[in-house]
Amino acid sequence: MRPIRAACLGTATALVTLLASAPVAAAATDIDSAHAKGRDRVITVIGRLSQQTRFPVNPGGVAAQGDRTVFRSILFDKDNKKEVGETNGTCTTTLVEYDGGAEVCAVTYNLPGGQLTVQGMVFGIFTKGLPTIPPPSFDNAITGGTGKFDRARGQVHADTIGTGLRRFTIDLD
C-alpha cells in the first residue's frame with residue numbers, strides 16, 4: 001500500500017494539464033472584461049482521447065464501486081483542426097447498476113494566465129452491465145481557479161461526438 005502522501009502527489013500530478021493556443025489565450029485574457037461587464041465567457045474545444053487506463057477493484061471481474069479511470073485527451077479548437085493543448089483527469093465509480101451507474105470525476109485545465117478546476121458526477125455509465133458506448137453527456141461544475149481565473153465559477157458541458165471525441169463547452173459565469 002502506498003503512503004497517503006505519495007498517493008496525493010500522484011493524483012495531483014495526473015490532474016495537471018496544459019492548454020495553450022491563440023483562441024484560448026484570447027478567451028483567458030478576455031475573462032476579466034467579461035466579469036466586469038456581467039456577461040458569460042464561453043470557450044469550446046474538442047477533446048480526442050489519447051490515453052485511458054482503468055484500475056479495477058476486481059481485475060478481470062465485474063465493475064465495482066471504487067474502480068478508477070485515469071485519462072488524457074488532446075484538445076483542439078472548436079473546428080477540430082488546430083491543437084490547443086491537453087486535459088488530464090480521474091474518475092472513480094461510485095454507483096454500480098446494471099443500467100445506470102455513476103462516477104465522480106476531477107479535472108484541471110491549465111489555461112494561459114491560470115488554472116480552472118472542474119469536478120462532478122457522470123451518470124448512466126453502464127448499459128446492460130457494460131460501459132455505455134458512446135459515453136453519456138454530462139455537466140460538471142467549475143469549482144475554482146488561479147491567476148485570471150481566481151474564484152472562477154461556471155460549468156463544463158461535454159457531449160460525445162464520435163469515437164474517442166468529445167465537445168467541451170466551458171461556460172464561465
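No value in this document is a laboratory result; all are computed from the given coordinates. Because the structure is a prediction, the values reported are computed rather than measured. Cβ atoms come from the backbone with ideal geometry, glycine included; neighbour counts cover every protein chain shown.
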*asked:* Using the basic label-point model (7 angstrom from Cα toward the beta carbon), what is the Leu95 to Glu83 distance in nanometres?
replied: 3.8
_Around Cys91, under 10 Å between beta carbons, what's the net of Lys plus Arg minus Asp minus Glu among the other residues?_
0
_Given axes a ≥ b ≥ c from the Cα gyration tensor, I'd like to know whether the range 123-168 is rounded (a/c under 1.5), prolate (a/b larger than b/c) or oblate._
prolate
*asked:* Tell me whether the range 96-141 comes out rounded, prolate or oblate; compute the Cα gyration tensor, take square roots of the eigenvalues as a ≥ b ≥ c, and use a/c under 1.5 as the rounded threshold.
replied: prolate
*In debye, nearest 20, what is the charge dipole magnitude of the range 78-129 about its Cα centre with +1 on Lys and Arg Cβ and -1 on Asp and Glu Cβ, if you could check?*
180
*asked:* Let me check the size of the range 46-169 from its C-alpha atoms; what are the radius of gyration and Dmax in Å?
replied: 14.9, 45
_Zone residues, the range 65-84, relative to Gln52, backbone N less than 12 Å from point 7 Å out along Cα-to-Cβ_ = 69-73
